[in-house]
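Structure, as structure tokens:
Quick note: the coordinates plus some simple rules give every number you see, no bench work behind them. Bear in mind that the values here come from a model prediction, so they are computed numbers and not experimental data. A quick note on method: Cβ atoms are made from the backbone with ideal geometry, for glycine too, and the neighbour counts reach across all protein chains shown.
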Ligand SMILES: [Zn+2]
């Protein structure tokens, strides 16, 4: 049987860059076996040491999760599609029962007239919107369209939570902020924009990080939580706090040109942990800061989140519950996968083991373990100014740049050799162990990984990490090198 396996963007680098691979197989397990026997790197990302599929990787045959069929033994037919779906650095009772819904003023009636003449919204629906409260976590790429559409639609109370400051590199996609806002706290910039869009709504701002200490109290005060975050600890925290407080979690996530959206609502279906019980290990899934994101993508995914939020408030049918929407902006393709509540889910299952919020940084492996601290102590580092001083003095130093070729195109340090992180072990022969070697990347994290990988591969020359990478070089040595 010829089946097509669809490889997600984050994993394509381990499959020779292919987005689709056709293999002959009788079962899903056999198909994956075929795929990973030709792409050994991919195997490491899909399977653990016990040869079992990793928890943050789900396999779908057509639109069904194979865990709900016969797993690796699930039979395939000619023309079937197998999708690898890794987690990606995305009718209301409570609200319908909201007691007395506020009336609309004449000004509001004029403003919302295109809603009022739709039978699906009408006066009743618009008053539900006015009575509703929504907490948005983050005012970045997803939060921008989300906040603007929810404000425009007349959601009566919006909570906005962010602790970040507007940076120039945000403006390519975070259209709630403008050039004049660079350097301002995002919640202030967002509040001004939302107030301008609709002065009739109440805006509550929280300039803070969402933590295990504040999440439950905050969430209890709102009808719906919308997750516009970009990191795994917050994603799991939002999910768990939503399950514990019984709130719907309107989810969206983005990477490069692929997006995901769903509504996780434990009272009505699957939660995020039913889909992904555990996060990927740190570093495996790149963040948007490392991997990039097409500027319009969060606009589309955030607008879907706004759409579903409004439908939940209106008590509409057809909400994205138990459905995972996948969007590929590059090929303009939508897919929809079925989700199911997992009775063994650690938080929403029949016998939950998580009954309170935990330490999510630790859960996601982001708190340094003792041996990692030791490794970083062993890591020899230099600063950009020190490196420049030594080069000027004529010291014999080879500089290896472990960024990607398209980053090298944007900015480079003179007289460096480019070997991307993913190739560094295979190209170990190109690095002279008898010369002192400085390794650099954009900010110093990938170069530290490269040094670790080279040491593990038996490289015995002296390796020094450039602290702060090319950004530090631009700051300290040569400001004509652009920062990106
Ligand atoms: Zn669950």
When the C-alpha atoms of segment 2-86 are aligned to their principal axes, what extent does each axis show, in angstrom, from largest down? 27, 25, 20
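Would you order 274, 345 from fewest to most other beta-carbon atoms within 10 Å of each residue's own beta-carbon? Intermediate results must be reported in sequence, preceding the final value.
Numbers: 274 25, 345 22.
If I rank by nearby Cβ atoms, fewest first, I get 345, 274.
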Mark the label point 7 Å from the Cα of residue 392 along Cα→Cβ and return the residues of segment 436-460 whose backbone N is within less than 20 Å of it. 438
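Give the peptides 72-80, 264-272 in descending order of average Cβ contacts within 10 Å, highest first.
Details: 72-80: 14.6, 264-272: 22.2.
Highest mean packing first, the order is 264-272, 72-80.
By average Cβ neighbour count within 10 Å, what is the ranking of 2-15, 244-257 from highest down? All intermediate terms of the calculation are to be shown ahead of the outcome.
Working: 2-15: 18.6, 244-257: 23.3.
Going by the mean number of other Cβ atoms within 10 Å, highest first, we get 244-257, 2-15.
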Taking just the alpha carbons, could you work out the radius of gyration and Dmax for segment 1-153, both in angstroms? 23.8, 68
For segment 106-363, Kirkwood radius (reciprocal of mean inverse C-alpha pair distance, Å): 18.6 Å
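Helix-only estimate, please: 222 nm mean residue ellipticity of the chain, summing -39500 (n - 2.57) across DSSP H runs of length 4 or more and dividing by its residues, to the nearest 500. Mind showing how you got there, number by number?
Numbers: 19 runs with 160 residues, N = 484.
Mean residue ellipticity at 222 nm (helix-derived): -9000 deg cm²/dmol.
How many percent of DSSP beta bridges within segment 45-183 run antiparallel, rounded to 5?
Values: 8 of 13 bridges.
Of those bridges, close to 60 percent are antiparallel.
Can you give me the convex hull volume of the Cα atoms of segment 245-361, divided per residue and expressed in Å³? Walk me through the intermediate numbers first.
Numbers: hull volume 14.2 nm³, N = 117.
So the per-residue Cα hull volume is 122 Å³.
Roughly what % of DSSP beta bridges within the chain run antiparallel, to the nearest 5? Kindly include the intermediate steps, with their values, before the conclusion.
Values: 32 of 67 bridges.
In the chain, DSSP labels about 50 percent of beta bridges as antiparallel.
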Please compute the Cα-Cα pair-distance distribution of the chain with 10 Å bins starting at 0, giving whole percents from short to long. 4, 18, 26, 25, 17, 8, 2, 0, 0
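By count of other Cβ within 10 Å, fewest leading, how are 136, 83 ordered? Provide the component values of the computation, followed by the final result.
Details: 136 28, 83 19.
Final ranking by Cβ density, sparse to dense: 83, 136.
If the viscosity is 0.692 mPa s and the temperature 37 °C, what Stokes-Einstein diffusion coefficient in µm²/s follows for segment 201-277 when Rh is the Kirkwood radius over Cα pairs? Intermediate values should be presented prior to the final figure.
Working: Rh = 13.1 Å.
Answer from the Stokes-Einstein relation: 251 µm²/s.
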Among 425, 477, rank each residue by its count of other Cβ atoms within 10 Å, from fewest to most, as a rough exposure measure. 425, 477
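Per residue, how big is the convex hull of segment 370-476 when only Cα atoms are used? Give it in Å³.
Values: hull volume 10.4 nm³, N = 107.
Value for segment 370-476: 97 Å³ per residue.
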